[in-house]
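Before any comments, here is the structure.
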Amino acid sequence: MVRYVESLENITARNLRGFFVGWPNPPSPATHLKLLKNSDHVVLAIDSVSGNVIGFVTAISDGVLSSYISFLEVLPGRQRQGIGQELMRRILRRLSKYYMADLICDKPLEAFYTRLGMRAATGMIVRNINRQSGRDQD
Ligand SMILES: CC(C)(COP(=O)(O)OP(=O)(O)OC[C@H]1O[C@@H](n2cnc3c(N)ncnc32)[C@H](O)[C@@H]1OP(=O)(O)O)[C@@H](O)C(=O)NCCC(=O)NCCS
């Protein structure tokens, strides 16, 4: 069973193992917890038996017009069970009070987001790989 929550109550770094798959310089679970706390909006998918987080989505916002969906990830062993879709549905509902809800994704995921009512646009990004772990911000 999976339950969805929009707060970090009772969540510790120990409940956050296994994320940032494939990242060369990933954040630690403690840094992950910190970025969840610092986000304006968060939705977690939690395994009801273990209490561990199996998926999460975060968004940041100026509180007036714009919001940006910064992270979405479902643990590899729990993918393709509708969890990512449900996390997105819930965060988009929360962000529907804003004019803008944006994210950046790779081309193969466009269909996933289109089905949720989003539309493709061109984006521009900067990535500082030496800051990827967030370690200096610990
Ligand atoms: C993208 C991601 C969050 C999707 O989560 P999920 O729980 O597996 O997604 P769902 O089960 O809700 O998927 C619903 C549908 O979306 C599509 N889909 C899901 N993941 C996809 C992927 N990686 N590539 C292409 N289509 C995908 C499929 O059509 C899927 O339906 P199907 O299983 O019947 O084929 C998950 O694959 C993930 O964590 N990936 C790694 C991190 C990532 O890429 N995050 C997004 C950053 S923009």
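Each reported figure results from applying straightforward, stated rules to the coordinates on display, with no laboratory input. What you see is a predicted model, and the numbers here were worked out from it, not measured in a lab. As a convention, Cβ positions derive from the backbone with ideal geometry for all residues, glycine included, and neighbour counts pool all protein chains shown.
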Problem - Sequence of Ile104, Ile54, Ile60, Ile69 once ranked by neighbouring C-beta atoms within 10 Å, starting from the fewest - result: Ile104, Ile60, Ile54, Ile69
Practice task
Assign one of three labels to the chain, namely rounded, prolate or oblate, based on the Cα gyration tensor with a ≥ b ≥ c the square roots of its eigenvalues; rounded applies when a/c is under 1.5, prolate when it is not and a/b is larger than b/c, and oblate otherwise.
Solution key: rounded
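Can you give the relative contact order of the chain as a percent, counting alpha carbon pairs under 8 Å and 6+ residues apart?
On the way: 188 pairs, mean separation 32.2, N = 138.
Contact order relative to length: 23 percent.
In what sequence do Thr12, Thr58, Thr122 fall when counting other Cβ within 10 Å, fewest first?
The order, fewest Cβ neighbours first, is Thr122, Thr12, Thr58.
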Problem - Alpha-carbon spread of segment 3-48, three principal axes, descending order, Å - result: 29, 23, 15
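Restrict the search to segment 1-84; then list the trypsin sites (Lys or Arg not before Pro) that DSSP places in a loop and that have at most 12 other Cβ atoms within 10 Å of their Cβ.
Numbers: sites: Arg3, Arg14, Arg17, Lys34, Lys37, Arg78, Arg80; in loops: Arg17, Arg80.
Passing both the DSSP loop test and the Cβ count: Arg17, Arg80.
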Practice task
Just round it to a whole percent: the fraction of Cα-Cα distances in segment 33-80 exceeding 17 Å.
Solution key: 40 percent
Practice task
Please give, to one decimal in nm, the separation of the simple spin-label points placed at Asn38 and Asp106, each 7 Å out from Cα toward the Cβ.
Solution key: 2.6 nm
